[in-house]
Amino acid sequence: MIANVWSLLKLLMFQGLFTSPPQDPGFDFFYLTLQWPGAYCDTKRSCCYPTTGKPTADFGIHGLWPNYNNGSYPSNCDPNNEFDPSEISDLVSTLQKKWPTLSCPSNEGYKFWEHEWEKHGTCSESVMDQHGYFEKTLALRDRINLLQILTDAGIEPNDEFYELKDIKNAIEEGFGFTPVIHCNRDPEKNRQLHEIFFCVDTSATEFINCPRPRDGCPSHIQFAKF
Ligand code: AMP
């Protein structure tokens, strides 16, 4: 009995001495930011469809952004880790569908992905490399059937106005987490549902409750057609 207790103590001491604590990733959580293309395009700046054609009418990815709990975020963390298209060649056709560029002039998307990797992705290098950054972001997006959740709740992209709280409630009920919502302005100054932010743990695998759930929208917002 005493020998067993002694072995257990030795095991605990050994583990305490030789297991290293988890590495600090250098940020507190990620925002997975999804974008409604109808809102991105319905502004004074307008938009250009990618060379592959008009994206499907669905939420696209804007980015996966490391953030701090105090509301600030790191950016452009490693100028030596430049975007390398050859590392994501197996993902390009999926990125074109789910992470579509809408900037002008019309292009394939590499410029947008490069911007997102260099500004945000390089700040999560301790967690994943470039391929992992794009692969994990695509996988996270696939876990939220956002447009279906909204449509099931009668909230559709038909240029109608909806209550912000109804949109948030529908997502909380359909997905289990409350998002943060940002709006833009169309040329007539209507505030529109533009981006929906979900919070994700620092390993980019589990959704979490957002530490600072502050929306950037009025209470009544338009869901633009696309
Ligand atoms: P960020 O710097 O990651 O906050 O993203 C903002 C930049 O991304 C701005 O220059 C936007 O014009 C650009 N952007 C946002 N959405 C898209 C999109 N769907 N396609 C191309 N550029 C975009």
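Remarks
- Comparing Cα centroids, region 50-109 and region 116-180 end up 14 angstrom apart.
- Expected 222 nm ellipticity per residue - DSSP helices of 4 or more, -39500 (n - 2.57), all of the chain, to 500: -9500 deg cm²/dmol
- For q = 0.10, 0.12, 0.21 Å⁻¹, Debye-computed log10 I/I(0) when each Cα of region 73-226 counts as one equal scatterer: -0.42, -0.61, -1.40
- Under 5 Å from the amide H of Phe29 lie the amide H atoms of Asn67, each residue being 5 or more positions distant or on a separate chain, with H modelled from the backbone and absent for Pro and chain starts.
- Cα lying deepest toward the dipole's positive end in region 26-109, options Phe29, Ser106, Ser93, charges on Cβ: Ser106
- The chain, relative contact order in percent, only Cα pairs under 8 angstrom and at least six apart counted: 26
- ³J(HN,Hα), Karplus 6.51/-1.76/1.60, whole Hz, each residue of region 159-170, x for Gly, Pro: 6, 7, 9, 10, 6, 4, 5, 5, 5, 5, 4, 4
- Sorting the segments 99-105, 138-144 by their residues' average number of neighbouring beta-carbon atoms within 10 angstrom, most packed first, yields 99-105, 138-144.
- Taking a sphere under 12 Å around the Cβ of Val127 and counting the other residues whose Cβ falls inside, with K and R at +1 and D and E at -1, yields a net charge of -3.
- The GluC sites (Glu not before Pro) of region 67-131 that DSSP puts in a loop, and whose beta carbon has at most 14 other beta carbons within 10 Å, are Glu82.
- Packing order of peptides 54-66, 180-192, highest average first: 54-66, 180-192 (average count of other Cβ atoms within 10 Å over each peptide's residues).
- Think of each Lys and Arg Cβ as +1 and each Asp and Glu Cβ as -1; about the Cα centre, that makes the dipole of region 17-170 roughly 320 debye.
Values quoted throughout were computed directly from the atomic coordinates according to the rules given, and no laboratory measurement underlies them. Since we're looking at a predicted model, the values are computed, not measured. Reconstructed Cβ throughout: ideal geometry from the backbone, glycine too, with neighbour counts over all protein chains shown.
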